[in-house]
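What follows is a set of notes on a single structure, which appears directly below.
The values are calculated or read from the model by the stated rules, or taken from the named source; none is laboratory data. The model shown is predicted, which means the values in this text are computed figures rather than measured ones. Glycine gets a Cβ as well: all are built from the backbone with ideal geometry, and neighbour counts include every protein chain shown. With ligands, DNA and RNA removed, areas are computed over all heavy atoms of the protein, side chains included. Shrake-Rupley method; radii C 1.70, N 1.55, O 1.52, S 1.80 Å.
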Amino acid sequence: MGQLLPLVDPAMAALGLGSANAKTYKLEKPQYDTKFTDLVIGATGPKAHPRLAQIMPSLLRHLHNFAREVNITVSEWTMAVDFINECGKMSDEQRNETQLLCDILGLESLVDEITANQLATSTTETPSAILGPFYRHDAPLLPNGSSIVTLSPSLPWYEQAIADSAYLTGQVLSSSGGGKPIPLRNAIVDVWHSAPNGLYEQQDTTQPEMNLRGRFVTDANGRYSLYCLRPTAYPIPDDGPAGKLLSLLDRHPWRPGHIHFIVSALGHRSLTTQIFDSRDEYIKQDSVFAVKEELIVDFKPRQGDPQAKWELEYDFVLGLMADQGEEEKDEAAVL
Ligand code: BEZ
Ligand code: FE
């Protein structure tokens, strides 16, 4: 129960005058039941799922402390429940609003980093970045040196695509060689990015099926090569609850231009990552917090190639699967 306390005038207190002369009273800030959180944690039974039994005490402590720290009211909590319900109602096969909410809160990027740190077998591995909602399985398998871009002069972004045409090449390497990464042949580089209008092909009826997507198999030297576009910044879908939260927080929905990859090779952990174009104005303010220093790239002007105005060399270093036998490691890591 709250207790009535004498109200101390700060000016009087500054003059060294205490509460003895105070005539007015206010309700003391209620003290919450200090045993309440332990009571809720203690309700977990002996047959609880082991991982949940391990993590729920921490979640409950943080959740309860948060509510107490900021004095959440019933009407604010009701708004939060409605908000989460709205995210669920908007989510379906095409759109995952709850995941988008996690993205703008930085949670997906944080969880991605925690996972990568736990699985890493070397410090030389290329950093991961979130998958995002626009990946499609079974992108066309294309020969090295071919293009993932289908262009027609009737497209409103045709000129932009020509100006941003790029040749991308590099090696897929194994971190198993320690200081000297070993090239991996038959690794698969699965690549996708949005068009200069900021849309992925499945969001855009003007683009052909699987445009700006492809899978490339590395050669005997672990090399891949393809033609693509320098990537363009685009806003994440902001017409739902996550977008509303962004605007209430006075935040923008933009992602810096990026190219997505999933790189996989026998005996190695698949790497899901993105590279970011250093010229992009949003490079330091990604709305989903996926940018990492090592993933920022500088495209260079390309000479003498009618297919590309820019070029980039980028290598991917994959970590070994943690639970492999020595034989498998040797098989996986050598050419
Ligand atoms: C993306 O990069 O495609 C993406 C990532 C998170 C939220 C929305 C889009
Ligand atoms: Fe993306």
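Summary of values
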{"quantity": "Heavy-atom accessible area order for Tyr282, Tyr234, Tyr32, largest first, 1.4 Å probe", "calculated": "Tyr32, Tyr282, Tyr234"}
{"quantity": "Sequence of Ile296, Ile262, Ile84, Ile275 from largest to smallest accessible area, 1.4 Å probe", "calculated": "Ile84, Ile296, Ile262, Ile275"}
{"quantity": "Dipole axis of the chain (+1 Lys, Arg; -1 Asp, Glu on Cβ), positive-most option in Leu246, Thr126, Leu312", "calculated": "Leu246"}
{"quantity": "Spatially close lysines, pair count over the chain: Cα under 19 Å, gap of eight or more or interchain", "calculated": "4"}
{"quantity": "Apportionment of accessible area to carbon and sulfur, the chain, percent (1.4 Å)", "calculated": "57 percent"}
{"quantity": "P(r) of the stretch 97-333 over all Cα-Cα pairs, binned every 10 Å from zero, in whole percent", "calculated": "8, 31, 36, 20, 5, 0"}
{"quantity": "Antiparallel content of DSSP bridges confined to the chain, in %, to 5", "calculated": "75 percent"}
{"quantity": "Around Lys244: net Lys/Arg minus Asp/Glu count, Cβ-Cβ under 14 Å", "calculated": "-4"}
{"quantity": "Solvent exposure, largest accessible area first (probe 1.4 Å, DNA, RNA and ligands not counted), of Glu311, Glu113, Glu294", "calculated": "Glu294, Glu113, Glu311"}
{"quantity": "DSSP-loop GluC sites (Glu not before Pro) across the stretch 44-111, with at most 10 other Cβ within 10 angstrom", "calculated": "Glu93"}
{"quantity": "Full-stretch length increase - Val111, Asn197 - with 0.36 nm per residue and alpha-carbon distance subtracted", "calculated": "28.0 nm"}
{"quantity": "Dipole of the chain, positive direction: furthest Cα of Gly222, Leu184, Gly88, with charges on the beta-carbon", "calculated": "Gly88"}
{"quantity": "Probe 1.4 Å - accessible area at Lys180, Å² to nearest ten", "calculated": "150 Å²"}
{"quantity": "Spatial separation of Cα centroids for the stretch 217-242 and the stretch 113-188, in angstrom", "calculated": "7 Å"}
{"quantity": "Probe 1.4 Å - accessible area at Ser194, Å² to nearest ten", "calculated": "0 Å²"}
{"quantity": "Pairs of alpha carbons in the stretch 33-132 whose separation is greater than 18 Å (percent)", "calculated": "68 percent"}
{"quantity": "Mean Kyte hydropathy of -1.0 or more with a Cα span along the axis of at least 15 Å, helices from DSSP in the chain", "calculated": "50-69, 74-90, 107-119"}
{"quantity": "Where the stretch 233-317 is the region considered: accessible area per residue in Å², 1.4 Å probe", "calculated": "49 Å²"}
{"quantity": "Label point at Asp204 placed 7 Å out along Cα→Cβ; residues across the stretch 233-253 whose backbone nitrogen lies under 16 Å", "calculated": "233-237"}
{"quantity": "Sum of -39500 (n - 2.57) over DSSP H runs of 4+, divided by residues of the chain (222 nm, nearest 500)", "calculated": "-8000 deg cm²/dmol"}
